[in-house]
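Single-structure report; data block below.
Quick note: the coordinates plus some simple rules give every number you see, no bench work behind them. Remember, predicted model here, so these are calculated numbers, not experimental data. Neighbour counts run over all protein chains shown; Cβ positions are idealised from the backbone, glycine included.
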Amino acid sequence: MPIDIVLDAMGSDKSPEPEIRGAILACRLLDVRVHLVGPEDLLRPKLREALSNYARPGFAGKKPRLPIFMVQASEWISMEDKAAQAVRSKRDSSMRVGMKMVREGRAAGFITAGNTGAAMATAKMVLGSLAGVDRPALATVLPTSSGQPCVLLDVGANVDCDPENLVQFAVMGHMYAKNVLHVAHPRVGLLSIGEEDSKGNSLTRDTLPLLRELPLNFIGNVEGRDLYNGQADVVVCDGFVGNVALKTSEGLAKLVNSSLRESLKSTVTSQVGAMLSKKAFKAFKDRLDYSEYGGAPLLGVRGVCIVGHGSSNERAVMNGIRVAAEFAAAEVNSGIEAALAAR
């Protein structure tokens, strides 16, 4: 049976075009039904226009019949809105309407490329937390030199944490890596400033012995460089450290990308060399492309909630829908609750 996924059609920087195109792409490639949430009078003509560009092979000129449905929401939360205020005042926002569908069992998951703070606040209010989870955590998937991605959490949902929060993050990250990323025995590390047990601040030193007591493949402290060298599959930290690490990584990726592009332009002269360099550059860019990972899951809430990047393109939206469907099918949340109850 197809899995029903709700998509906030008004979330991204250039909404609703990337969301509509991403929904069409997902319905063509995946076994899903997509529910676009937003003002129907705005979305319907844009969907009709987008569908006219996607004729099925052998049916030239005919619009494909795809399982895309409209759900009315009269408001939406912009990037400029203050999260807490917008969540309270915009009661018919596309975020709230979409998450209510998940809460009521009418859809298996929700994805937005909108205001991250508002998405987290709405999810906590509408969906609530899983049993045993004190604070949901926002995770992100990072590329590594080994080819196996690394899950980093928390990356901004909880600026101040205690050791028990990090223990819960470790369990949630383990379940996500195992069931969605299909890592058989995820290696879990605690982000610190050195591998030795004595290194770090009071939070990491107090958390370390608690993580060693868990029935996880805990490998001890890891450092910032281990986020990308394939030494760990899950890395745990508080939201302040995680967000700084994530934003620094995004900035470095853009610098490397632009610097490499400029270097290739200035050094490659022959046509054959240009073609080979262009192919190599594309492979490099694809490896660092956030759109392939589909967004950041908010772990620990009762339901599936994926938060994409504001600049998400149609491929990023499609992959977000894919990740939401895989998350729901793998029953990650029931696994998290069972693991925390067994402690």
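Below is a table of values for the structure above.
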{"quantity": "Ranked list, fewest to most other Cβ atoms within 10 Å of each Cβ, for H174, H35", "calculated": "H35, H174"}
{"quantity": "Rounded FRET efficiency, nearest 0.05, which uses the C-beta distance separating H182 from M1 and R0 of 25 Å", "calculated": "0.70"}
{"quantity": "Ordering of 234-243, 37-46 by packing [mean C-beta count within 10 Å, highest first]", "calculated": "234-243, 37-46"}
{"quantity": "Residue order, fewest to most surrounding Cβ atoms within 10 angstrom, among S15, S78", "calculated": "S78, S15"}
{"quantity": "Added length on full extension, which subtracts the Cα-Cα distance from 0.36 nm per residue, N201 to L255", "calculated": "16.4 nm"}
{"quantity": "Label-point separation in nm, R106 to A341, each point 7 Å along Cα→Cβ", "calculated": "2.9"}
{"quantity": "Potential lengthening between R88 and E49 on full extension [0.36 nm per residue; Cα-Cα distance subtracted]", "calculated": "10.6 nm"}
{"quantity": "Pairs from K14/K90; K14/K46; K14/K82; K14/K178 whose Cα-Cα separation, in the structure shown, is over 23 Å", "calculated": "K14/K178"}
{"quantity": "Cα Rg, Dmax, the chain, angstrom units", "calculated": "20.9, 68"}
{"quantity": "Exposure proxy ranking, count of Cβ atoms within 10 Å, fewest first, for R315, R261, R33", "calculated": "R261, R315, R33"}
{"quantity": "Bridge type composition, the chain - antiparallel percent by DSSP, nearest 5", "calculated": "25"}
{"quantity": "FRET efficiency for R212 and M125, using Cβ-Cβ distance with R0 set to 41 Å, rounded to 0.05", "calculated": "0.70"}
